[in-house]
Every structure is written in C-alpha cells, then in structure tokens.
1. Mind ranking 53, 32 by accessible surface for me, highest first, 1.4 Å probe?
2. Could you list which residues have their amide H under 5 Å from that of residue 37, counting only those 5 or more apart in sequence or on another chain, with H placed in the peptide plane?
3. Could you state the accessible area per residue of the chain in Å², with a 1.4 Å probe and every protein chain left in place?
4. Report the Rg/Rh value for the chain, based on alpha-carbon coordinates and the Kirkwood definition of Rh.
5. Express the carbon and sulfur contribution to the solvent-accessible surface of the chain as a percent, rounded to the nearest whole number, probe 1.4 angstrom.
6. Rounded to the nearest 500, what is the chain's calculated 222 nm mean residue ellipticity when only DSSP H runs of at least 4 contribute -39500 (n - 2.57) each, over all residues?
Amino acid sequence: MANHSEQRRPPLTVPGAAKYAGTSERHVRRLILERRLASCRLGGRVLVFPDDIDALLEAGRRPAIP
C-alpha cells in the first residue's frame, strides 16, 4: 500500500520533461523510443515522471577526479 505522506511529483509532458532535463524534445522522445526513459500514454499525451528523469541523469553521472 502506498505511503500517502510521501507525495509523488506530477508527471511531465515531453516538452516539460525536456525543459526539466535541459535538453530538446527530440532527445526526450528518442530516450523514450529506445526505452531508456520510462513513460506512459494517457489519452493522446506521453507523460514522464520527474523521478525517472532524475534516475536517468544520476545513472549517467561521472564523478569528478580530485
């Protein structure tokens, strides 16, 4: 059962996801097509959760060399 004290951020459309990630809509659509970024279709819109974008960015992060 979900914990109601922890709120999930609302999903983003492709343009919103691109702005959030600092990239182009085309790149977001490519990530979705390649199944590197999770998405869902609701009605005619493709939606992406910010947590999934954060996870993708974190997975690609390279640490700095001291």
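1. Final ranking, largest accessible area leading: 32, 53.
2. For residue 37, whose amide H was placed from the backbone, the distant partners under 5 Å are 32.
3. Working: 5610 Å² over 66 residues.
Result: 85 Å² per residue.
4. Dividing the radius of gyration by the Kirkwood radius yields 1.04.
5. Values: 3010 of 5610 Å².
In the chain, the share of accessible area belonging to carbon and sulfur is 54 percent.
6. Details: 3 runs with 27 residues, N = 66.
Here the helix-only value at 222 nm equals -11500 deg cm²/dmol.
The values are calculated or read from the model by the stated rules, or taken from the named source; none is laboratory data. Nothing here was measured: the structure is a model prediction, and the numbers come from that model. For the accessible areas, the whole protein counts, side chains as well, though only heavy atoms, and no ligand, DNA or RNA atoms are used. Shrake-Rupley method; radii C 1.70, N 1.55, O 1.52, S 1.80 Å.
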